[in-house]
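The values are calculated or read from the model by the stated rules, or taken from the named source; none is laboratory data. Values in this document were obtained by computation on a predicted structure and should not be read as measured data. Positions of Cβ are backbone-derived with ideal geometry, glycine not excepted, and every protein chain shown enters the neighbour counts. These area figures cover heavy atoms from the full protein model, side chains too; ligands, DNA and RNA do not enter into them. Shrake-Rupley method; radii C 1.70, N 1.55, O 1.52, S 1.80 Å.
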Amino acid sequence: GVKLLLHGLCSNTTVKSLDLKGNNLRTVGAEALGKLLKQNKSIRSLILEWNNLGVWEEGFSFFCQGLGANNILQRLDLRNNQINHQGAGELAMALKQNASLQELDLRWNNIGLLGGRALLNCLHSNKTLKKLELAGNNVPSDILKAVEQAMDHNQDRQTILSETQNRTYILTKEVLSLKDEKTKQFLDLMDTIDKQKEEIARSGRISAARVSQLQEALNEQHSIMNSLKAKLQMTEAALALSEQKAHNLKEQMNVVKQEQASMAERHSKELQQQKQEGADREEKLLRDLSAASEKNLLLRNQVDELEKKCKVQQDQLFQVKQDLTNTTAELKLRAVQAEERLEMEKKRFKQSLEDMESLRVKEVDHMTQHIETSERSMQDRIQRLEAIRIALEEELSQVKAAALAERGQAEEEFIKVRNQARLEEQQRLEHLEEKLRMMTEARDEAQNCCLKQKQMVAEAQAKANQLSLQADGLRRRLEELQQDLNSKEEEKVAEVNKVKVELQEQIGHLQAERTAQDGLREKIAALERQMKALSSNHREALLDKEGEISMLLEKLRMREADISRMREEEAQRASFLQNAIMTYVQGSPLGTHSSRK
């Protein structure tokens, strides 16, 4: 029945405690128990008290083999089983192989001295057994003390191992938690870094777009400035043409002045009164000419100011050019008409000369004196006018030199134009001098034509008035052009200021983004420092734990060395006791009697 029961328990996985106390088990039962211990993986407590297993040596040896192969059983009770020293040796062999048994009860058996030694020897290799009961086995007290010390040592070792296991378990948990935290922190850092990278990329794209827009705006402004420069060049060319036209007008005015002077001389031939009136008229004409020259100077100054201010008025200046060309064409036509009229008058004068030659001869002597005096006065006046003209030309040259110093390139062209104008003026002066010579010859003829000449003077004055009106109109147009230029310059300044403000705002945004990027970089550096500090702290903790473990291992080695030393001492004591007992037994009469038997 026991065999069948144990055979069924071999495959059982729920029974943890088995009590077979007082069942008188024999060899078959011992063999079945050995098989059970080899195959069963759940029984942890086995009670075999009062079964006389030690009597059946073969069955008990098989039982011990099963115990050596088992790694689950923790408590074994073998009280009152008549186990001798041989059975104790078998148990010692099984305990050397077993690594799970913690409590073994062998009380009230026949183990003796040899069995106690065998069990004591097996405890050197077995480190799991915590409790071994050997009372009632005729085991010497020193062996029992050694066994107790070994049990205490095993208990201490087990407690230390359990503590170390608990500590290692706790440390592993802490290490795993730290690893998890670090991984989480690392993942968080990676996420934050990715987000920051995305933000930086976005900010970089936005800044690149803004920079491209700014570059486009700057390119547009450069194109506008280039167009303005081209317009300025055109306006400068137009102004140069206007200056040339002004010079032509001045020359025409000088021609008119000379004609007026010649007419005044002719008037002086008639009578002294008429001469005085002609002189007064000439003075008036000179005053008008000085006023006109002053006006021309003012116009030149205004033209210089307009040269500095005119930058963007190309179309209007072209219109002014057209108007100036029209006026010059009209003036040329009028000059041609005047020359034709003069030629007609010359023809008439020639005809009248042919008629009046007889009368002239008489009055020549009388008039020559008056002509010489008038010529002297006229030469003085001409010299004065030339001095005034030279002074005016010097002032004009100084003003133009100041303006030309600013321009640079236009200086040579202006000098060439001025030289050409001077040459033309000199040529015209020479031509006028020739005309004056001719007119001196024709002074006698001019007496009869004074009335006609007065009419011509009135027409010339009317023409001069018309020219002054035209000059006023040109002044008004120039003032309008100045106003337009000023308004456009103000608009340009406003646009430039707007662009500057926009650029400053964009620069401020970019600087703010840079500061934000610097803050993010500082945060990343701080997080990296925290990671380094945590890693260093973790390393230090691990090093501390490793140092503690090494200290504990050194303590264990010291204790094992002490135990081995104590075992050696106990073995020496046991050997001394054995020798003493043997000598005592041999020397006693009982020993001799037993030897004789």
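Solvent-accessible surface (1.4 Å probe) assigned to residue 191 amounts to roughly 80 Å². For residue 315 and residue 412, the FRET efficiency from 1/(1 + (r/R0)^6), where r spans their Cβ atoms and R0 equals 35 Å, is about 0.75.
The modelled label-to-label distance between residue 69 and residue 553, using points 7 Å beyond Cα along the C-beta direction, is 3.5 nm.
The C-alpha atoms of the chain define a longest principal axis, and helix 57-69 lies at about 10 degrees to it. Stretching the chain fully between residue 354 and residue 272 yields a gain of 27.0 nm (0.36 nm per residue, less the alpha carbon separation).
Here the accessible area of the range 1-139 is 49 percent carbon and sulfur, with a 1.4 angstrom probe and all protein chains present. With each label modelled as a point 7 angstrom along the Cα→C-beta vector, the residue 225-residue 461 pair spans 5.7 nm. Since only 209, 349, 80 are under comparison, the one whose Cα sits farthest along the positive direction of the charge dipole of the chain, derived from C-beta charges on Lys, Arg, Asp and Glu, is 80. Given +1 at the Cβ of Lys and Arg, -1 at the Cβ of Asp and Glu and no other charges, the dipole of the chain around its Cα centre is 4660 debye to the nearest 20.
Annotation: peptides 429-438, 242-251, ranked by per-residue average of other Cβ atoms within 10 Å with the highest first, follow the order 242-251, 429-438.
Once the 1.4 Å probe is applied to the protein heavy atoms, the chain comes out at 65 Å² accessible per residue. Where the centroid of each part is defined by its Cα atoms, how far is the range 137-163 from the range 526-583 in Å? Between the Cα centre of the range 137-163 and that of the range 526-583, the gap is 18 Å. Among 92, 239, 39, which residue has its Cα positioned farthest towards the positive end of the charge dipole of the chain, with +1 placed on the Cβ of Lys and Arg, -1 on the Cβ of Asp and Glu, and the dipole taken about the Cα centre? Working it through, the farthest residue towards the positive pole turns out to be 92. May I ask you to derive the FRET efficiency for residue 564 and residue 100 from their Cβ-Cβ distance with R0 = 25 Å, giving the value to the nearest 0.05? Between residue 564 and residue 100 the formula returns 0.55. Taking 0.36 nm per residue of separation and subtracting the current Cα-Cα distance, fully stretching the chain between residue 211 and residue 538 would add 112.9 nm. Axis angle, to the nearest 10 degrees, between helix 112-122 and the longest C-alpha principal axis of the chain: 10 degrees. Spacing of the modelled spin labels on residue 390 and residue 179, each 7 Å from Cα toward Cβ, amounts to 11.1 nm. Relative to the longest principal axis of the Cα atoms of the chain, helix 141-270 runs at roughly 0 degrees. Averaging the sequence gap over all C-alpha pairs within less than 8 Å and six or more residues apart, then dividing by the number of residues, gives the chain a relative contact order of 10 percent. Within the assembled protein chains, the solvent-accessible surface assigned to residue 295 is about 90 Å², based on a 1.4 Å probe. On the basis of the beta-carbon distance and an R0 of 41 Å, residue 168 and residue 583 show a calculated FRET efficiency of 0.15. Full extension of the chain segment joining residue 336 with residue 576 gains 69.7 nm, where the gain is 0.36 nm per residue of separation less the Cα-Cα distance.
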